[in-house]
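Take a look at the structure set out below.
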Amino acid sequence: MDIRIKATGFELTAETRSYLDDRIAALEKFVSDAGTARCEVELGLAAGGQRHGANMWFAEIRILVPGNSPVYARNNASSVNAAIDDVKEEVERQLRRGKRLDIRMARKTGAAIKNWLKFGR
């Protein structure tokens with residue numbers, strides 16, 4: 001999977017980079033075609049003010065797989081690692097749902113073909 005990382009408003013440290021790489025590696029097993037998939041990650045400090053409060057860090061993940069709809073999630077948290085964890089869980093939930101949908105459609109299609117062949121005799 002091609003991973004592109006953008007840091008907005010802060011300098012990306014080696015610890016944060018390794019933490020992010022571990023979280024992204026856990027998502028690769030849910031992507032059907034990891035060779036052609038692209039993962040875009042943006043981390044940064046949100047513009048301060050009253051609307052953010054203590055949740056000053058944000059993380060965004062967008063996974064683009066050719067032939068599928070893109071998966072996108074964004075979250076704010078009090079630390080960059082917490083924001084990464086929260087957004088990773090949301091993307092994982094969306095990818096699991098898509099994978100279950102693909103399996104369900106394959107099973108239903110197979111059952112329909114079997115019934116069609118059974119009654120076609």
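The values are calculated or read from the model by the stated rules, or taken from the named source; none is laboratory data. Since the structure is predicted, the reported quantities are computational estimates derived from the model, not experimental observations. Here the Cβ positions follow ideal geometry from the backbone for every residue, glycine too, while neighbour counts run over all protein chains shown.
What number goes with the only condition from (1) out of contact with any helix residue (DSSP H, G or I) (no Cβ under 6 Å at 6 or more places or on another chain); (2) surrounded by 14 or more Cβ atoms within 10 Å (Cβ to Cβ); (3) outside any strand (DSSP E or B) that ARG74 does not pass?
ARG74 satisfies every listed condition except (3).
Being modelled with pLDDT of 85 or more, assigned to a strand (DSSP E or B), of a type in the set (Phe, Trp, Tyr) and in contact with a Lys or Arg (Cβ under 9 Å, 6 or more places away or on another chain), is that true of even one residue in segment 52-69?
For segment 52-69, residues modelled with pLDDT of 85 or more, assigned to a strand (DSSP E or B), of a type in the set (Phe, Trp, Tyr) and in contact with a Lys or Arg (Cβ under 9 Å, 6 or more places away or on another chain): present.
With at pLDDT below 90, of a type in the set (D, E, K, R) and over 17 Å from ALA25 (Cβ atoms) as the only criterion, which of ASP86, ASP102 stands out?
It is ASP102.
Looking at segment 90-121 only, could you name the residues that are surrounded by fewer than 14 Cβ atoms within 10 Å (Cβ to Cβ) and within 11 Å of the chain's Cα centre (by Cα)?
ARG93, ARG96
For segment 1-46, how many residues are surrounded by 13 or more Cβ atoms within 10 Å (Cβ to Cβ), among the charged types (D, E, K, R) and assigned to a strand (DSSP E or B)?
Matching residues across segment 1-46 total 3.
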